[in-house]
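As structure tokens, the structure follows; a few thoughts come after it.
The values are calculated or read from the model by the stated rules, or taken from the named source; none is laboratory data. Predicted model, so just to flag it, every value in this text is computed and none were measured. Here the Cβ positions follow ideal geometry from the backbone for every residue, glycine too, while neighbour counts run over all protein chains shown. What goes into the accessible areas is simple: the full protein's heavy atoms, side chains included, and nothing from ligands, DNA or RNA. Shrake-Rupley method; radii C 1.70, N 1.55, O 1.52, S 1.80 Å.
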Amino acid sequence: MYYSRFFLAAVAFAATSGAMNAQSQPRRMTQVGGGGPDRGKCTIEVVVDGAAEVEIHGDTANLRNLSGNPPQWRRFECTGPLPQNPGDFRFAGVDGRGRQQLVRDPRNGGSAVVRIEDPDNGSEGYTFDIMWGNAAPPPPTRGRGDDRGFDRPGSRGPDDHGQGGDRDGDAFHHDREDAFRREDWRMHVFARIREDLDHVQNATFPFGSDQRRIVRAKEELNQLQDMQSHGRYDPRQLDDVVSALGTVVNDNRLASRDRDVLKDDLNRLQDFRAHFRDYGVH
């Protein structure tokens, strides 16, 4: 009798524990500039210590704990809601030491699900992008990839050395040109520069100094973007962004088109310095 009660109690505890682990944290997207009626992008950043899944549906996402400590949201930024049955859907792991894997394609049911497995002790930040459009998907390519369970779109082969490694280039550059043709591009310039850095980062080998320089530039840009969102301007923070971005341009191995993109971003930051009031800050 005692063992029966003990067994039932153990089963109940396991069920309760499993339910707690499976609890989800919903979040609504923060809309950023870029994209269009037939194409878009979401950037998701979470902290994981164990295993978790992110399910994206429309303009909302749920972060579910599968094992380990509860995961945490950092950001969920999209150019627009993820459409049902999107065309040319793509997933790209951006940052994180463990494994990121697309386990459900939204073209097969309306939701995108990404599973993250962090095998090491302690928590780790993970960032990934999902992108969609109406263009026909490119033929599958495999660059170097890495041991974390994903291959980066545009990953360079060992002999590319930054020349011609951008396999997603045409769609990206088309979107970028469209964004800067709009009259309100100044209101979204920092978000646009961040997308440029995301694009370059996706085409960069996941380890080493090239990645570290890009990460630093994005961190400095985050601080500047936060100030701009509150209508503030700090010339010293702008100097930090220009310096970090200039280091990427000068020192990273980049495809020639990507280097030109980042040079153009530097020119726009200089325009911001000279005419910052036109960008809605004071």
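Key figures
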quantity	calculated
Among residues of region 231-261, those that are closer than 27 Å to HIS174 by Cβ and part of a loop (DSSP other than H, G, I, E, B), counted	4
Failed criterion for PRO70 (all others in (1) within 22 Å of GLY133 (Cβ to Cβ); (2) in contact with a helix residue (DSSP H, G or I) (Cβ under 9 Å, 6 or more places away or on another chain); (3) modelled with pLDDT of 90 or more hold)	(1)
Check on ASP251, more than 23 Å from MET187 (Cβ to Cβ) and open to solvent by 50 Å² or more (accessible area, probe 1.4 Å)	yes
Condition met for ASP88 (open to solvent by 50 Å² or more (accessible area, probe 1.4 Å) and under 28 Å from ASP196 (Cβ atoms))	no
Any helices (runs of 4 or more DSSP H) falling wholly within region 162-230 and containing at least 2 residues that are at pLDDT 80 or above and open to solvent by 30 Å² or more (accessible area, probe 1.4 Å)	169-181, 209-229
